[in-house]
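Just below is one structure, and these are the notes that go with it.
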Amino acid sequence: MNYNQSTEDYLECILLLSRENEFVHRVDVARKTGVSQPAVQKAVKILQSGGYVECDGMHIYLTPKGEKYAIGIFDRHCTITEFLQKIGVNPADAEADACKMEHVISDASFEAIKKFLDR
């Protein structure tokens, strides 16, 4: 599976929705990501083929593999947001920038940021 920003955003969205609600529906993912339900349907098929999600017709579930990957992306997001705020970036900009940076930052740079934050 090609790891790209869109794929990672969907996984992160499904993770966060699953923490808020017992069930994750395609319509919820569409609302949270601001895309159409057909776009979500296409993304879910790709995620299923990669072994990251399973569906029972109405609900989307992260597989253990999908959950692990989504948690990693979300950890990057939170860590980068915290780092940016710590160096003086306002919370709104830090959040927006972290959404972009979490997908492109190298493992070495991410580990350096975590070390800087003493994580």
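Split the accessible area of segment 37-119 by element, probe 1.4 Å, and carbon with sulfur accounts for 58%. The residue list 18, 84, 46 was ranked by how far each Cα lies along the charge dipole of the chain toward its positive end, using unit charges on Cβ atoms, and 46 comes out on top.
Would you kindly state how much longer the chain becomes between residue 117 and residue 39 on full extension, computed as 0.36 nm times their sequence separation minus their alpha carbon distance, in nm to one decimal? Walk me through the numbers before you get to the answer.
Values: separation 78, 0.36 × 78 = 28.08 nm, distance 3.71 nm.
Full-extension gain reported as 24.4 nm.
When only Cα pairs under 8 Å and 6 or more residues apart are kept, what is the percent relative contact order across the chain? It rounds to 23 percent for the chain. Helices in the chain, meaning DSSP H runs of at least 4 residues, each add -39500 (n - 2.57). Divided by all residues, the mean residue ellipticity at 222 nm is -22000 deg cm²/dmol. Computing semi-axes √(5λ) of the Cα gyration tensor in Å for the structure here picks out one of [x] 27, 15, 12; [y] 44, 16, 7; [z] 42, 15, 7, namely [x]. Comparing Cα centroids, segment 3-47 and segment 50-103 end up 12 angstrom apart.
Helix 91-101 axis versus longest C-alpha principal axis of the chain: approximately 70°, rounded to the nearest ten.
Which order, highest average first, do 85-96, 9-20, 62-73 follow once you tally other Cβ atoms within 10 Å for each residue and take the mean per peptide? Mind showing how you got there, number by number?
Working: 85-96: 12.4, 9-20: 19.2, 62-73: 16.8.
Final packing ranking: 9-20, 62-73, 85-96.
Taking the Cα atoms only, what angle lies between the long axis of helix 107-116 and the longest principal axis of the chain, rounded to 10 degrees? With rounding to tens, the tilt is 50 degrees. Helix 64-86 and the longest principal axis of the C-alpha atoms of the chain enclose an angle of approximately 30°.
Remark: spin-label model distance residue 90-residue 21 equals 3.2 nm, labels positioned 7 Å along the Cα→Cβ axis. Lys-Lys pairs in the chain that are eight or more residues apart or on separate chains and whose Cα atoms lie under 30 Å of each other come to 25.
The values are calculated or read from the model by the stated rules, or taken from the named source; none is laboratory data. As the structure is a computational prediction, the values presented were derived from the model and not from experiment. No Cβ is skipped: glycine too gets one built from the backbone with ideal geometry, and neighbour counts run over all protein chains shown. Only protein heavy atoms, including side chains, enter the accessible area calculation; ligands, DNA and RNA are left aside. Shrake-Rupley method; radii C 1.70, N 1.55, O 1.52, S 1.80 Å.
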